[in-house]
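To start, the structure under review is shown below, and the notes come after it.
The values are calculated or read from the model by the stated rules, or taken from the named source; none is laboratory data. Source: prediction; values computed, not measured. Cβ sites come from the backbone with ideal geometry, for glycine too, and all protein chains shown count toward neighbours.
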Amino acid sequence: MAAIKFLVIDDAAFIRDLIKKALRDNFPGSTVHDSNSAKRAMAMTKALRYDIVLSDWEMPEMSGEEFLLWLREQEHYSATPFIMVSSRSEKDYIVKAIQAGVSDYIGKPFTAEELVAKINKQLKRIGHAGRSIDRSETTSLGALTGAPAAAKPPPPKSEPSPEVSASVSALTGSAPVAKASAKKTEQAQLHFSDGQVLCLLQEMSLQGMSGLIKRDSKMPAIMEQCVVSIVGANQEQVARLNAYVYSLRASDQRPECTAIKISLRFVDDDPQKLDVLSRYISKR
């Protein structure tokens, strides 16, 4: 099979690195180039003809949609597979992207298997054989990109300690959120590849955030990617950001504690997103 040439575009270095690792691990011998901006990618497509383009949709200066519309006007890229990589999953949003000429869509966060399946579909469309994944050889990569881990037995159930009981009640829905402290009424939905987790916010900065999540048998992994939807005290959505899990630790020293403190690092470099986040932080 001829070497495949990939172009990866995303303003977040962490996301680019995840995609590049998945491509190099699963398509050996391929050429993988990346860019942190669509404008720079325009010049790259003129210097080399790529077989597949994987691009973020929300980027500063030039959006993924603007880049795609330009790309489709170029003679050699009128039918090149273009996979949209985005944290936006609304139906209307995806329909608009398809109308603009997107070949396929993958939402953040994603697993290596999901990404390779999308790429194989496009490779077959343009005459490449593609490649299937052997689960046994992607164990470590799956852990890095958020692939579901083997199920573990749930921890022993016990009553939470007094200092975290209000937070746990809020997380489980067994008591109104208002019983927690004022700051903990602010929430975030953490979207992982295998589901969502409610997080009660504690600390927030332009670099990251921390909060409490319910201890469960299915916990996120360190370095696992996620999309953070921040919800204000009045339940309005404030911002949507790409992030990864930086740390996990028990909320108290007892082995049977029922709330886990999670710390996340944001990976977006979009000035508009950071401006929204800055204004939100200043009002907390």
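Residues that are touching a helix residue (DSSP H, G or I) at 6+ places or on another chain (Cβ under 8 Å), farther than 18 Å from residue 59 by Cβ and either in contact (Cβ under 8 Å) with a residue 60 or more places away in the chain or assigned to a helix (DSSP H, G or I) (or both) within the stretch 94-108 are absent altogether.
Note on the stretch 7-30: residues that are within 17 Å of the chain's Cα centre (by Cα) and surrounded by fewer than 22 Cβ atoms within 10 Å (Cβ to Cβ) amount to 6. Looking at the stretch 186-194, can you tell me whether even one residue there is surrounded by fewer than 16 Cβ atoms within 10 Å (Cβ to Cβ) and either in the same structural domain as residue 57 (by TED's automatic domain parsing) or not in a loop (DSSP other than H, G, I, E, B) (or both)? No, there is no match, as no residue in the stretch 186-194 is surrounded by fewer than 16 Cβ atoms within 10 Å (Cβ to Cβ) and either in the same structural domain as residue 57 (by TED's automatic domain parsing) or not in a loop (DSSP other than H, G, I, E, B) (or both).
Being within 21 Å of residue 274 (Cβ to Cβ) and among the acidic types (Asp, Glu) is a description that does not apply to residue 73. Within the stretch 263-281, residues that are farther than 12 Å from residue 228 by Cβ and of a type in the set (A, V, I, L, M) reach no partner that is at pLDDT below 85 and in a helix (DSSP H, G or I) with beta carbons closer than 7 Å at six or more positions or on different chains. Does any residue of the stretch 97-105 turn out to be aromatic (Phe, Trp, Tyr) and either crowded, with 20+ Cβ neighbours inside 10 Å or not assigned by TED's automatic domain parsing to the domain that holds residue 40 (or both)? Scanning the stretch 97-105, I find no residue that is aromatic (Phe, Trp, Tyr) and either crowded, with 20+ Cβ neighbours inside 10 Å or not assigned by TED's automatic domain parsing to the domain that holds residue 40 (or both), so the answer is no. Look through 54, 115, 71 and report the one residue that is more than 24 Å from the chain's Cα centre (by Cα) and either without any contact (Cβ under 8 Å) to a residue 12 or more places away in the chain or buried (at least 18 other Cβ atoms within 10 Å of the Cβ) (or both). Result of the check over 54, 115, 71: 71.
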